[in-house]
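Inspection log for the structure reproduced underneath, given as structure tokens.
The values are calculated or read from the model by the stated rules, or taken from the named source; none is laboratory data. Here the structure is a predicted model, which is why all the values come from computation and not from measurement. All Cβ positions, even for glycine, are placed from backbone atoms using ideal geometry, and neighbour counts span all protein chains on display.
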Amino acid sequence: MGFDELISDLKNGLGMVRVNAALELGKLKDKRAELPLIEALRDENLAVRNNASYALGELGSLVAAPHLIALVHDPEERVRKSTIKALGMIGAPEAVAPLVRVLDTDKSRVVQKSALRSLGQLGGPRAELAIERFQSSSDPTLAETAKQAIERIKKNSNSAE
């Protein structure tokens, strides 16, 4: 399926057609999909929002970062998780503060785990401080994810030197 057909499906298709179009647009890695995917972040269908978020991450869309940051508090856990993952994939430094807030306020362990991973990708002192608090979490999965995120930050800072 071609780019133009996928854009048409994303904008005009029924439920699963829009869902699949968002997913496929990310795989194409065509930057022309950025604006239609950003528009899809407001779709009423949670699966469209979910796939549009991830697709923007696959595109490495820095333009989408503010729109994705606005979705880190979406009512749907799945959308929050994908949005947070996308912010890490994009490498959006302006996402650090909102992701730290997610760690402190979101009750979903799945979302917190995604935030820890993305903060590990983004790095920096503020991200590292937030992650360090979770290394002693009573939840072993969060503690292990925090440990891995810290290791990633240290590895990235060593390779930058």
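Things to note:
- Every residue from segment 39-56 that is part of a helix (DSSP H, G or I) and either in contact with a Leu (Cβ under 7 Å, 6 or more places away or on another chain) or crowded, with 24+ Cβ neighbours inside 10 Å (or both): A40, V48, R49, N50, N51, A52, S53, A55, L56
- Residue within segment 98-106 that is hydroxyl-bearing (S, T, Y) and either touching a residue at least 40 places away in the same chain (Cβ under 8 Å) or part of a loop (DSSP other than H, G, I, E, B) (or both) present: no
Each row is one residue, and each column tells you yes or no for (1) crowded, with 22+ Cβ neighbours inside 10 Å; (2) free of Cβ contacts under 8 Å to residues at least 40 places away in the same chain; (3) of a type outside the set (S, T, N, Q); (4) not in a helix (DSSP H, G or I).
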residue: V63; (1), (2), (3), (4): no, yes, yes, no
residue: H67; (1), (2), (3), (4): no, yes, yes, no
residue: P75; (1), (2), (3), (4): no, yes, yes, yes
residue: S82; (1), (2), (3), (4): yes, yes, no, no
residue: E94; (1), (2), (3), (4): no, yes, yes, no
residue: A130; (1), (2), (3), (4): yes, yes, yes, no
residue: S136; (1), (2), (3), (4): no, yes, no, yes
residue: A143; (1), (2), (3), (4): no, yes, yes, no
residue: E151; (1), (2), (3), (4): no, yes, yes, no
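- A Cβ distance below 7 Å, combined with a sequence gap of six or more or placement on separate chains, defines the contacts here; from segment 19-36, residues that are closer than 12 Å to V48 by Cα and part of a helix (DSSP H, G or I) reach residues that are among the hydrophobic types (A, V, I, L, M, F, W, C) and at pLDDT below 95 in the pairs E24/M1.
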